[in-house]
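Written out below as structure tokens is the structure these notes cover.
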Amino acid sequence: MVLSHGVGGSDASIHSTFASRYVRASLPRHVLSPTIRQPSLHHLCYYLLTYDRVVRTRRFRMPEESIPKEAAYQIINDELMLDGNPRLNLASFVTTWMEPECDKLIQASVNKNYVDMDEYPVTTELQNRCVNMIAHLFNAPLGEDETAVGVGTVGSSEAIMLAGLAFKRRWQNKMKAAGKPCDKPNIVTGANVQVCWEKFARYFEVELKEVKLREGYYVMDPEKAVELVDENTICVAAILGSTLNGEFEDVKMLNDLLVKKNAETGWDTPIHVDAASGGFIAPFLYPELEWDFRLPLVKSINVSGHKYGLVYAGIGWCIWRTKGDLPEELIFHINYLGADQPTFTLNFSKGSSQVIAQYYQLIRLGYEGYRNIMENCQENAMVLKEGLEKTGKFNIVSKDNGVPLVAFSLKDSSRHNEFEISDFLRRFGWIVPAYTMPPDAQHVTVLRVVIREDFSRTLAERLVLDIQKVLHELDALPARVPSGDLAALAAAEASESQKEKQRQVISLWKRAVLAKKKTNGVC
């Protein structure tokens with residue numbers, strides 16, 4: 001039943017079609033006048049000024065009255081101008097440019113709900129095609145007519161949660177069948193893992209065993225990882241493309257060591273590969289590298305479509321080796337959207353645009369296109385690396401083989417540090433992060449530049465020039481006082497102040513004593 005109600009006099013200024021009184025009654029002819037359809041510049045300025053005054057005090061409350069759509073757009077657009085330029089955000093691995101044709105597909109499908117499989121069967125079919133293409137890319141052991149087991153996710157974080165839940169449930173089932181306790185699961189990773197692994201461990205009550213890093217070795221050591229494995233280890237997580245320096249961990253060595261330990265102990269500890277960054281790089285740049293389902297203990301792999309899968313933010317993928325690696329009891333079946341639909345996700349409703357965009361990239365670029373783009377990214381990374389080396393100021397922390405990025409640190413940070421370089425580069429529009437390494441290499445600070453598809457050679461050369469300008473400016477400034485020295489200086493000043501107070505008290509005391517002596521003499 002439709003409820004009607006009175007409309008205030010201010011409704012003449014409402015231009016949001018579905019909120020105005022004009023959809024509640026027959027459309028009068030005068031509504032079509034230009035003054036009603038399009039507010040004047042005077043009215044627009046009035047709304048902007050009025051809203052600006054209100055928003056300063058009530059920006060966290062929904063306004064009582066509506067404003068014209070043009071004013072709402074302008075207010076939001078003006079504020080968004082203060083954001084950084086996404087293409088100059090060299091901190092992010094996430095795609096910031098796609099072809100206009102794909103942008104059109106995204107816009108055309110932005111109102112489709114991904115989970116309505118019965119209503120949008122073609123979208124569901126495109127997702128299934130993506131899962132199978134990626135599974136074959138990762139060398140899943142599929143028969144001629146066999147379909148892959150996988151799911152599209154919001155990103156690699158959700159994919160990792162799902163993979164972790166599958167490992168935990170398989171381990172619990174195995175321990176229960178053996179009559180053993182299953183209340184203390186653990187997972188082994190390197191200290192360089194992305195924060196989503198810590199979230200998984202905390203949210204789903206799994207102990208996180210981290211292999212500490214050391215200076216010069218910023219990825220998980222396979223030998224130390226296997227030493228941490230015990231009967232309660234649900235899996236070992238290897239990173240194909242460390243967030244810190246882009247390096248690939250040695251998944252093959254990890255597999256071989258685990259095979260040996262499993263044979264000795266009778267355990268069956270598997271491997272998950274977090275290929276969020278490297279999953280769309282290794283197959284094209286390093287096809288001979290064994291890191292995927294070619295290794296028998298690799299049971300699942302996650303990859304970010306919105307990183308080097310070349311899709312805008314909001315798409316990831318989780319692929320399982322076989323159906324047996326995804327416990328059936330984790331899959332839900334619903335029918336209230338029109339048909340029986342299996343679902344294994346943490347969320348429910350989400351947009352279809354990114355799935356469609358991923359399918360576009362896979363068929364548009366093909367193997368040849370992805371290889372060309374990854375080779376170009378790697379070449380531009382080398383241009384940037386060589387430019388930085390020529391300054392003579394930096395040590396290169398990243399490796400040539402891996403994710404196309406350049407991580408570097410100052411050779412001499414006694415006068416100025418990496419955080420100051422990061423801060424100064426923002427004045428040129430560049431967003432270059434500076435951060436410290438995880439334990440036990442937290443004394444090492446690095447800067448990192450991620451090379452994406454839209455980062456051209458021209459931009460790489462320009463960045464080197466701007467870094468040189470920043471170095472020149474910093475060298476002209478007074479030397480930075482280390483925090484330890486600041487503390488020592490403050491302590492010294494406090495001590496000196498205390499001494500001065502003591503001197504003043506002694507001086508006053510002496511004067512009082514002398515005065516007393518003079519008085520005694522007179523008496």
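What to note about this one:
- Taking every Cα-Cα distance in region 181-335 and sorting them into 10 Å bins starting at zero, the pair-distance distribution P(r) comes out as 10, 38, 38, 11, 1, 0 percent.
- Computed from the C-beta positions of D118 and E288 and an R0 of 45 Å, the FRET efficiency is 0.55 to the nearest 0.05.
- Taking all protein chains together and a 1.4 Å probe, the residues I106, I315 rank I106, I315 from largest to smallest accessible area.
- FRET efficiency estimate (nearest 0.05) - Cβ-Cβ, D440 to A479, R0 25 angstrom: 0.30
- 10 Å-binned pair-distance histogram of region 103-365 (Cα, whole percent): 7, 30, 36, 20, 6, 0
- Sparse-neighbourhood loop sites, GluC sites (Glu not before Pro) in region 51-141 - DSSP loop, at most 13 other Cβ within 10 angstrom: E64, E65, E119
- Charge tally in the Cβ shell below 10 Å around M437, where Lys, Arg are +1 and Asp, Glu are -1, M437 excluded: -1
- Across the accessible surface of region 103-365, with the other protein chains kept in place and a 1.4 Å probe, carbon and sulfur atoms take up 52 percent.
- Taking all protein chains as shown and a probe of 1.4 angstrom, Y203 keeps an accessible surface of around 140 Å².
- Taking label positions 7 Å along the Cα-Cβ direction at both E146 and L105, the computed distance is 2.9 nm, reported to one decimal.
- Length gained when the stretch N85-R427 is fully extended (0.36 nm per residue, less Cα-Cα span): 121.9 nm
- Accessible surface ranking for V446, V110, 1.4 angstrom probe, highest first: V110, V446.
- A simple spin-label model places the labels of D454 and D230 4.9 nm from each other, with each point 7 Å out along Cα-to-Cβ.
- Surface accessible to a 1.4 Å probe, W197 within the full protein complex, Å²: 0
- Per-residue SASA remark: S304, around 0 Å² accessible (1.4 Å probe; ligands, DNA and RNA not included).
- Each of R452, R214 has its accessible area taken with a 1.4 Å probe; listed largest first, they run R214, R452.
- Taking label positions 7 Å along the Cα-Cβ direction at both V195 and K260, the computed distance is 3.8 nm, reported to one decimal.
- 3J(HN,Hα) from dihedral phi, region 372-388, Karplus parametrisation 6.51/-1.76/1.60, rounded to Hz, x for glycine, proline: 4, 5, 5, 5, 5, 4, 5, 5, 5, 5, 5, 4, 5, 4, 5, x, 5
- Protection-proxy order for peptides 413-421, 377-385, each taking the mean of Cβ atoms within 10 Å per residue, highest first: 377-385, 413-421
The values are calculated or read from the model by the stated rules, or taken from the named source; none is laboratory data. These numbers come from a predicted model, not from an experiment. For neighbour counting, all protein chains shown are included, and Cβ atoms are generated from backbone atoms with ideal geometry for every residue, glycine included. These area figures cover heavy atoms from the full protein model, side chains too; ligands, DNA and RNA do not enter into them. Shrake-Rupley method; radii C 1.70, N 1.55, O 1.52, S 1.80 Å.
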